[in-house]
Amino acid sequence: MPPDDALVTCTDAALTFGRDAQAVVAVHGANLTIRAGDRLAVVGSSGSGKSSLLHLIAGLEQATTGSVTRATDVERSDIGLVFQNDSLIPALNVAENAALPLILAGHPEKEAQQAALTALDQVGVRHLADRLPEEISGGQAQRVAVARVLTQAPRLILADEPTGRLDHASGGRVLDALLAAADLTRAALVVTTHDPSVAARLARRRTMRDGRLLAPEETP
Ligand SMILES: Nc1ncnc2c1ncn2[C@@H]1O[C@H](COP(=O)(O)OP(=O)(O)OP(=O)(O)O)[C@@H](O)[C@H]1O
Ligand SMILES: [Mg+2]
């Protein structure tokens, strides 16, 4: 039985891409419970399966074997994912991109726009509000994607290498914003990273190695 405060539970969850000779096991039977208020870093080198694990938790991918279960009161829309790669809508400007979750949820445009500007400010890119995604840098786009999830205020925030393309100072600010937003909205936060100094800022850490999510005691 998952604990009472569990949001998402992975039980021997595996994810295989392709089949037969082409099969790539991105995640081997992972066991993980994400609870309300969690602050978890998933650390691992490139190709170790961090994004794949996050996509399983988000419900974007279905476990090939094993299971990923959400608590009965957790909807998929309660989980916000900051994608590792560009996920902004090219035809919308930065503010519109950041406001999108609230617009889609039916909030008045003015309120959504205000929330978007606040979130953009938190990650230091409010001055880019009127630009199109093609007019900003990759690192700036990553920060807009973080702002978008802050606007959504989900119960579980999944951020896939949110500091991967940022210098130390900007990365620190993005992490500050994610931690502050999670505190404010009492959300759980899971961050993938290969940067030990980012991982050190989260209370709990797990390592992925070659598709295996190592046990807590195996994480340095
Ligand atoms: N759609 C896919 N089809 C086939 N193989 C995939 C697919 N997505 C990922 N993989 C493979 O699964 C493994 C894990 O990839 P994943 O993207 O989860 O790693 P990662 O730890 O996030 O890496 P990075 O730090 O570079 O982002 C890799 O071997 C990768 O090549
Ligand atoms: Mg990845």
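The values are calculated or read from the model by the stated rules, or taken from the named source; none is laboratory data. Small disclaimer: the values here were computed from a predicted structure and weren't measured. With ideal geometry, Cβ positions are generated from the backbone for all residues, glycine too; neighbour counts draw on all protein chains shown.
The set of residues in the range 40-63 being within 12 Å of ligand 1 (Cβ to nearest atom) and more than 21 Å from Asp195 (Cβ to Cβ) consists of Leu56, Leu60, Glu61.
For the range 76-104, the tally of residues that are touching a residue at least 24 places away in the same chain (Cβ under 8 Å) and in contact with a Lys or Arg (Cβ under 9 Å, 6 or more places away or on another chain) stands at 15. What are the residues in the range 151-198 that are of a type in the set (D, E, K, R) and within 16 Å of ligand 1 (Cβ to nearest atom), if any? Within the range 151-198, Asp160, Glu161, Arg165, Asp195 qualify. Among the residues of the range 35-44, is any at pLDDT 95 or above and either among the polar types (S, T, N, Q) or out of contact with any Lys or Arg (no Cβ under 8 Å at 6 or more places or on another chain) (or both)? Within the range 35-44, one or more residues are at pLDDT 95 or above and either among the polar types (S, T, N, Q) or out of contact with any Lys or Arg (no Cβ under 8 Å at 6 or more places or on another chain) (or both).
For the range 71-114, filtered to residues that are acidic (Asp, Glu) and closer than 20 Å to Leu189 by Cα, the residue that is surrounded by the most Cβ atoms within 10 Å (Cβ to Cβ) is Asp78. If you go through the range 178-220, how many residues are part of a helix (DSSP H, G or I) and surrounded by fewer than 20 Cβ atoms within 10 Å (Cβ to Cβ)? Of the residues in that region, 10 qualify. Among residues of the range 55-75 that are free of Cβ contacts under 8 Å to residues at least 24 places away in the same chain and small (Gly, Ala, Ser), none has a beta-carbon under 9 Å from a residue that is in a loop (DSSP other than H, G, I, E, B) and within 16 Å of ligand 2 (Cβ to nearest atom) at least six positions away or on a different chain. When the residues of the range 79-122 are filtered to those that are within 16 Å of ligand 2 (Cβ to nearest atom) and either among the polar types (S, T, N, Q) or not in a strand (DSSP E or B) (or both), which remaining residue is modelled with the lowest pLDDT? Filtering first and then ranking leaves Asp86.
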